[in-house]
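The structure under discussion appears below in the form of structure tokens.
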Amino acid sequence: MRQRPRSGALKVHKPHSGNSGLREYLYYLLNQGESLESPHNATIQAGAQKSRYLDVKEVGLIASTQAEADRLNERIARAMRKHISRPARQRFTAYGLDQAWRPQHLFDELHWFHGLSTCPPPQELLQSLGSSLHIHLYEHSETKLHPGLRTFHWKSEKDLTDFWASLYLSRELGWPSGLDWESYCRWQPPIECIATVISGWGSTPKATLEALLASVDATNPIHSEGEILIIEGGMDTCLGDYVAIVRALERSLELECITTIWVSPNYSGFGLKLLTFRHP
């Protein structure tokens, strides 16, 4: 049986997440006359418009060269443009360290794309540009990092940009029960924890969950210090789908995920992306 996470874990700082937050949210909607079989509709859309995520976040996408930063920025933007014309709740700036200029404002969130370089990231410079620093490396990187950095390992550049486009779409299009972004930005992972993502897609919630579970490494069970689950769906996604996916996943992997969800008329089927922070 998995032990409860310690006080430094991500979910402790989310008073409206996990099973208790899900129940509170569902009770509220059911009291408003909603049904678990009702698709995403005007009631939920109105709630999303009144959510606490209306402020605009400044996001810095930083790499060794301007060309690399621009490429990653464009890949994220292209994935988001399939569902929204332009972001309203975050503003992206691509910046390469080979440029003579420096950003004139601080970023709320910074991403350093380190790739396969074995040199340490320019941590002091990056921290001078803003807060909530994310370091992105590809699998099997031998880069040595300073403790306390929010570090991600990726199989490919596409996996990286697909995940962040989806997470940012959840901030633009998400239901009111989504991720508490303020707590997420303040949270720091336990020392030496690395974030990885597994994903799955299917035409039904059951098929999607099976696809996600098929990518779990049976020889390396998930013992995580924090989890975020993104659910992606079309406009016919209903509360029952949300509940079924979350409960089945938490039961299968013995996790209590912080769940965020977004829906779009341009999305077909269901998608899941599970981010976990754990010790290597």
Out of everything in the stretch 53-104 that is of a type in the set (Ser, Thr, Tyr) and surrounded by 18 or more Cβ atoms within 10 Å (Cβ to Cβ), what residue ends up being nearest to the chain's Cα centre (by Cα)?
TYR53
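Per-residue answers, yes or no, for (1) farther than 20 Å from ASP159 by Cβ; (2) modelled with pLDDT of 80 or more; (3) aliphatic (A, V, I, L, M):
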| site | (1), (2), (3) |
| --- | --- |
| LEU169 | no, yes, yes |
| SER183 | yes, no, no |
| GLN188 | yes, no, no |
| ILE198 | no, yes, yes |
| SER224 | no, no, no |
| GLU232 | no, yes, no |
| LYS273 | no, yes, no |
Please enumerate the residues belonging to the stretch 109-133 that are closer than 24 Å to LYS158 by Cα, touching a strand residue (DSSP E or B) at 6+ places or on another chain (Cβ under 7 Å) and not hydroxyl-bearing (Ser, Thr, Tyr).
GLU109, LEU110, HIS111, TRP112, PHE113, HIS114, GLY115, LEU116, PRO121, LEU126, LEU133
I'm trying to understand the selection: among the residues of the stretch 84-107, which are in contact with a helix residue (DSSP H, G or I) (Cβ under 7 Å, 6 or more places away or on another chain), closer than 21 Å to ASP55 by Cβ and of a type outside the set (S, T, N, Q)?
ILE84, PRO87, ALA88, ARG89, PHE92
Restricting attention to the stretch 258-280, which residues are among the polar types (S, T, N, Q) and either assigned by TED's automatic domain parsing to the domain that holds HIS83 or more than 14 Å from GLU232 (Cβ to Cβ) (or both)?
THR276
Single condition ILE135 does not satisfy, out of (1) in a loop (DSSP other than H, G, I, E, B); (2) closer than 16 Å to LEU61 by Cα; (3) touching a Ser or Thr at 6+ places or on another chain (Cβ under 6 Å):
(1)
Would you confirm whether or not the stretch 51-70 contains a residue that is modelled with pLDDT under 95, part of a loop (DSSP other than H, G, I, E, B) and within 22 Å of PHE270 (Cα to Cα)?
no
Qualifying residues in the stretch 123-140 (those that are modelled with pLDDT of 75 or more and over 18 Å from GLN104 (Cα atoms)) - the one surrounded by the fewest Cβ atoms within 10 Å (Cβ to Cβ)
GLU139
Of the residues that sit in the stretch 235-279 and are in a loop (DSSP other than H, G, I, E, B) and aliphatic (A, V, I, L, M), which one is farthest from the chain's Cα centre (by Cα)?
MET235
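The values are calculated or read from the model by the stated rules, or taken from the named source; none is laboratory data. The structure presented is a predicted model; accordingly, all values stated were derived computationally and were not measured. Note that each Cβ is placed from the backbone with ideal geometry, even for glycine, and that neighbours are counted across all protein chains shown.
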